[in-house]
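Take a look at the structure below.
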Amino acid sequence: MMPLPLLLLCFFLLSSVSTSFSGFSPRPFTNYPATFSSSEVKRIVQTFKRLPEVSDDRPSQGVVRFNYYTEAANEEMSWFLERIREKMGKDFDAEDVEFYLMHKFTPGGFFDYHVDTHPSGDSRQRTYNINVLLSEESEFEGGGLAVGNEDSGIKVGDCYSYPAAFPHCVTGITKGERFTLVLAVREARKEEEWVEWWNGVELEFKRIVEKGGKTVPAKIYWLFGEMLDRVSGREKDAERMFCESYARTEQSGEYVKVFRERGEEGTARGIEEALERLANQSN
C-alpha cells in the first residue's frame, strides 16, 4: 500500500471524474408528500402482514428489523402501485420492480448506514429505492431516515425515492413500531450508461464528504471505499477512503498501531494523515 500525500484532502481525490452526463445519472432524494392518506397506509400495512414475517436480527452487521417480502405483486397491491405511478410519472415502471418489501422496526431496531448495490458488470442493476412511510409520527419514536448525512424529514404517507447506491440509514427505534414500504427497482442499461451512473454515485459521495466535514460518519467513508474498490484502477482511492474511515473511529490510534505491527506502513501513515486532516477541518 502506498503512503498518502500529507495535504491531500479527501474531496479532491476524485478530480478525474467526469461531470458531463447524457441523462442516465442518479436523481437525488425526491419526496412526493402525502401520496397516501392515514387510512390508506394502514391498508398497505394489513396487505403485507398477510405475508410471512421474517426476523432480520444481525446487530453486528448493523441491522435489526422484521421483513415482509414478495417478488410478485398481487391484486391487493395494484391500487397503490397505480398511485405511485400517478405521482412519479415516467420515473416509475412497475416492470422494473425486483421485489416488494415492508420493514417493521420495533424498540431496539435500527439499520446502520449501508448501500443496496455496488458496481458490477451486469447489464441489469439495482438503481432506485421507492419507499412509503406507513406509520404516523405518534406511533413511534426514533427511526429517522437519513440519506447521505441529512435527515429526510419524511412524514406518514409520503412516497420518496433515492438511488440504492447512496448511503442511507434508519436510526434506532426507542418506542412503538415503524413500518415502511420498499420497492426495489432494477434496470437494464448499456455499459456506457452504467459508467455514467456510477460516476454520478461517486460525485454524490464526494458531495456528502465535502459538505459534512467532521460530522460525516466513519461508515460513509467505508462505504465510499467499498464502492471505489469495485472499480478497476481505483484501489488507491479506495484505500484513502478506508483510512479516512479508520481515522473517524474511537479506535483510530489502535488501528495505526495494529497496521504498523503488521508491517502495513502505508495504511498506518494513511490513517495518521487522515487524522491530521480531520484535526485541521473547521466543521
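The values are calculated or read from the model by the stated rules, or taken from the named source; none is laboratory data. Worth saying up front: this structure is predicted, and the values here are computed from it rather than measured. A quick note on method: Cβ atoms are made from the backbone with ideal geometry, for glycine too, and the neighbour counts reach across all protein chains shown.
So how many residues does the range 72-99 have that are assigned to a strand (DSSP E or B) and surrounded by fewer than 16 Cβ atoms within 10 Å (Cβ to Cβ)? Spell out how you get there, then give the answer.
Looking only at the range 72-99, we keep the residues that are assigned to a strand (DSSP E or B), and these are 97-99.
With the extra rule that they be surrounded by fewer than 16 Cβ atoms within 10 Å (Cβ to Cβ), the set shrinks to 98-99.
Matching residues across the range 72-99 total 2.
Within the range 256-271, how many residues turn out to be of a type outside the set (Val, Ile, Thr) and surrounded by fewer than 19 Cβ atoms within 10 Å (Cβ to Cβ)?
Looking only at that region, the number is 8.
Residue 228 passes all but one of (1) crowded, with 19+ Cβ neighbours inside 10 Å; (2) out of contact with any Leu (no Cβ under 9 Å at 6 or more places or on another chain); which number fails?
(2)
So which of 273, 204 is modelled with pLDDT of 95 or more and over 29 Å from residue 170 (Cα atoms)?
Details: 204 fails: over 29 Å from residue 170 (Cα atoms).
The unique qualifying residue is 273.
It is to be established whether one or more residues within the range 152-169 are within 15 Å of residue 29 (Cβ to Cβ), in the same structural domain as residue 95 (by TED's automatic domain parsing) and modelled with pLDDT under 95.
Yes: the range 152-169 contains one or more residues that are within 15 Å of residue 29 (Cβ to Cβ), in the same structural domain as residue 95 (by TED's automatic domain parsing) and modelled with pLDDT under 95.
Could you grab me the full set of residues in the range 47-71 that are part of a helix (DSSP H, G or I) and under 21 Å from residue 177 (Cβ atoms)?
Answer for the range 47-71, where residues must be part of a helix (DSSP H, G or I) and under 21 Å from residue 177 (Cβ atoms): 47, 48, 49, 59.
Collect the residues in the range 3-45 that are β-branched (Val, Ile, Thr) and at pLDDT below 60, keeping them in residue-number order.
17, 19
Determine which member of the set 228, 181, 223 is touching a helix residue (DSSP H, G or I) at 6+ places or on another chain (Cβ under 7 Å) and in a helix (DSSP H, G or I).
Exactly one of 228, 181, 223 is touching a helix residue (DSSP H, G or I) at 6+ places or on another chain (Cβ under 7 Å) and in a helix (DSSP H, G or I), namely 228.
What pairs come up if the first residue lies in the range 44-57 and is among the acidic types (Asp, Glu), the second is at pLDDT 95 or above, and their beta carbons are under 7 Å apart, counting only those six or more places apart or on different chains?
53/66; 53/68; 56/63; 56/65; 56/66; 56/67; 57/64
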